[in-house]
Amino acid sequence: MAPSDNRSAVSYSTLIPGTYTFLVKSTSPEGIMNNDPAKFSFRILPPWWQTWWFRTLILIAAIMIVYWMFRLRTQKLLAIQRIEIEKTLALEGERSRISRDMHDDLGSGLSAIHLLSNYLKENSAIKYPEFSTEVEKILKSSAELNQLIREIIWTINSKDDSLNSMVLFIRRYCNELNEK
């Protein structure tokens, strides 16, 4: 509490928000001092951006923005993952279709050629001995092509994409090589 001069007005423009009590002692023109000061209590409210509710609102908004960004990112990653899974399933379906078509169309055609050439070999060896070498070549070529088609079909078929399937294939291939 500081004594002031004889002014009738005072300005406190730099007060921070809070509760204040303004005490005033006066002196009469005769010089008699009043011992009972006049009291005036008042409160200065903070600006709206410094209030607890505004800070809480900002915190909630920040949490919601972070959650929204996290959710948006998660949805984007899930969409990318879904597209990759769909591509993989489409590729597996296409591989299965190609494998099935090759087995049905090429495999049956080559088997028919092999059976017919075997029939020619057995039935025409006596009648047409000059064709026996060519028939033998056809028989050998059809057997080799059948083996190649089986290998291609095994490679394409998505059901055979496992270590166990590969071991069985190698074992069967080694057994066929040992038989020759």
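The values are calculated or read from the model by the stated rules, or taken from the named source; none is laboratory data. Predicted, not measured: the structure shown is a model, and the values here were computed from it. Cβ atoms come from the backbone with ideal geometry, glycine included; neighbour counts cover every protein chain shown. Only protein heavy atoms, including side chains, enter the accessible area calculation; ligands, DNA and RNA are left aside. Shrake-Rupley method; radii C 1.70, N 1.55, O 1.52, S 1.80 Å.
The table below lists the values:
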{"quantity": "Only one of Arg71, Arg100 that is farther than 30 Å from Leu145 by Cα and part of a helix (DSSP H, G or I)", "calculated": "Arg71"}
{"quantity": "Among (1) open to solvent by 80 Å² or more (accessible area, probe 1.4 Å); (2) within 30 Å of Ala90 (Cβ to Cβ) - the single one Ile126 does not satisfy", "calculated": "(2)"}
{"quantity": "Condition met for Leu110 (loosely packed, with under 12 Cβ neighbours inside 10 Å, at pLDDT 80 or above and in contact with a Ser or Thr (Cβ under 9 Å, 6 or more places away or on another chain))", "calculated": "no"}
{"quantity": "Filtered residue count, the range 135-149, keeping only those that are in contact with a Phe, Trp or Tyr (Cβ under 9 Å, 6 or more places away or on another chain) and either in contact (Cβ under 8 Å) with a residue 40 or more places away in the chain or open to solvent by 100 Å² or more (accessible area, probe 1.4 Å) (or both)", "calculated": "0"}
{"quantity": "Residues of the range 30-65 satisfying the condition of being among the basic types (Lys, Arg) and either open to solvent by less than 80 Å² (accessible area, probe 1.4 Å) or closer than 19 Å to Thr19 by Cα (or both)", "calculated": "Lys39, Arg43"}
{"quantity": "Pairs where the first residue, in the range 61-86, is touching a residue at least 12 places away in the same chain (Cβ under 8 Å) and the second is open to solvent by 90 Å² or more (accessible area, probe 1.4 Å), C-beta under 7 Å, 6+ apart", "calculated": "none"}
{"quantity": "Candidate set: the range 150-175, residues that are of a type in the set (Asp, Glu) and either open to solvent by less than 90 Å² (accessible area, probe 1.4 Å) or closer than 22 Å to Leu110 by Cα (or both); chosen: the one modelled with the lowest pLDDT", "calculated": "Asp160"}
{"quantity": "Residue match in the range 114-134 (condition: touching a Phe, Trp or Tyr at 6+ places or on another chain (Cβ under 9 Å), hydroxyl-bearing (Ser, Thr, Tyr), without any contact (Cβ under 8 Å) to a residue 24 or more places away in the chain and over 24 Å from Leu177 (Cα atoms))", "calculated": "yes"}
{"quantity": "Selection status of Ser41, among the hydroxyl-bearing types (Ser, Thr, Tyr) and in a loop (DSSP other than H, G, I, E, B)", "calculated": "no"}
{"quantity": "Matching residues, the range 110-160, being under 30 Å from Lys87 (Cβ atoms) and either of a type in the set (D, E, K, R) or part of a helix (DSSP H, G or I) (or both)", "calculated": "Leu148, Ile149, Arg150, Glu151, Ile152, Ile153, Trp154, Thr155, Ile156, Ser158, Lys159, Asp160"}
